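Values quoted throughout were computed directly from the atomic coordinates according to the rules given, and no laboratory measurement underlies them. Every value quoted in this text rests on a predicted model; they were computed, and no experiment measured them. Neighbour counts run over all protein chains shown; Cβ positions are idealised from the backbone, glycine included.
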């Protein structure tokens, strides 16, 4: 077992003790994301931004948490970062929770 795998295993065990969720993406660079499943999307800074600013981007505040499809892959809207005007929408890929950035008009179109 590699040092990295031992580290990931230890982090996962510790996170489980605190009832946190761990997601590991094994591409380069490796990313370990730890989330508290008890925190709703609306409570995150990105979620709050989405609720406040969605209408400026052609979306509705209630679109937070909705899913959309791009190239046969399903994504879930988790927030908005106005500091990224070209790709302000934050989403996670549903099957593995990896994070992605999207243009607002593309998300609005995908939502229909």
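Once the Cα atoms of helix 3-17 and of the chain are each reduced to a long axis, what angle between those two axes, in degrees from 0 to 90 to the nearest 10, is obtained?
70
In vacuum, with every alpha carbon of the chain counted as one equal point scatterer, what does the Debye formula give for log10 I(q)/I(0) at q = 0.11, 0.20 Å⁻¹? Two decimals, please.
For the requested q values the scattering log ratios are -0.41, -1.05.
At what distance in nm do the modelled label points of residue 1 and residue 56 sit from each other, each positioned 7 Å from its Cα along Cα→Cβ?
Label at residue 1, label at residue 56, 4.8 nm between them.
Quick check: residue separation of residue 17 and residue 66 times 0.36 nm, minus the Cα distance between them. What number comes out in nm? Could the numbers behind the result be given before it?
Values: separation 49, 0.36 × 49 = 17.64 nm, distance 2.99 nm.
Computed gain between residue 17 and residue 66 is 14.7 nm.
Quickly estimate the mean residue ellipticity at 222 nm for the chain, helices only: each DSSP H run with n ≥ 4 gives -39500 (n - 2.57), and the total goes over all residues, rounded to 500.
Working: 3 runs with 32 residues, N = 112.
Dividing the helical sum by the residues of the chain leaves -8500 deg cm²/dmol.
Say R0 is 22 Å: what FRET efficiency, to the nearest 0.05, do residue 32 and residue 95 get from their beta-carbon distance? Could you put the intermediate results ahead of the total?
On the way: r = 18 Å, r/R0 = 0.81.
After rounding, the FRET efficiency stands at 0.80.
Please identify, among 70, 78, 24, the residue showing maximal mean-square fluctuation in a Gaussian network model of the chain using a 10 angstrom Cα cutoff.
Of 70, 78, 24, the Gaussian network model singles out 70 as fluctuating most.
For the range 28-112, what does the relative contact order come out to in percent, with C-alpha contacts under 8 Å and a separation of six or more?
So the answer I get is 22 percent.
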